[in-house]
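Quick notes on the structure that follows.
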């Protein structure tokens, strides 16, 4: 038979492990979300460089603004 002290320690340990697993999962989800955002940002900047001057005019930005945006690193908003 397990003593009540051992049972409490096991229960407290399980709670700690559960809490750590939840935090680890949340951290992984946040990291994956950040990576997905970086991929979208990089793809958008690559696409920006394929637009013609007329396309850029239609969306309201100049070619120099498009180049400046496209030259930003993917991690920079």
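Here, each number is a calculation from the coordinates, and none is a lab measurement. Worth saying up front: this structure is predicted, and the values here are computed from it rather than measured. FYI the Cβ positions are ideal-geometry reconstructions off the backbone, even for glycines, and counts take in every protein chain you see.
Each listed q (0.26 Å⁻¹) maps to a log10 I(q)/I(0) for the stretch 4-70 from the Debye sum over equal C-alpha point scatterers, namely -1.01. Please list, by residue number, everything in the stretch 36-67 whose backbone N is under 20 Å from a paramagnetic label point 7 Å out along Cα→Cβ of residue 75. Only 36-46 fall inside the zone, counting backbone N under 20 Å.
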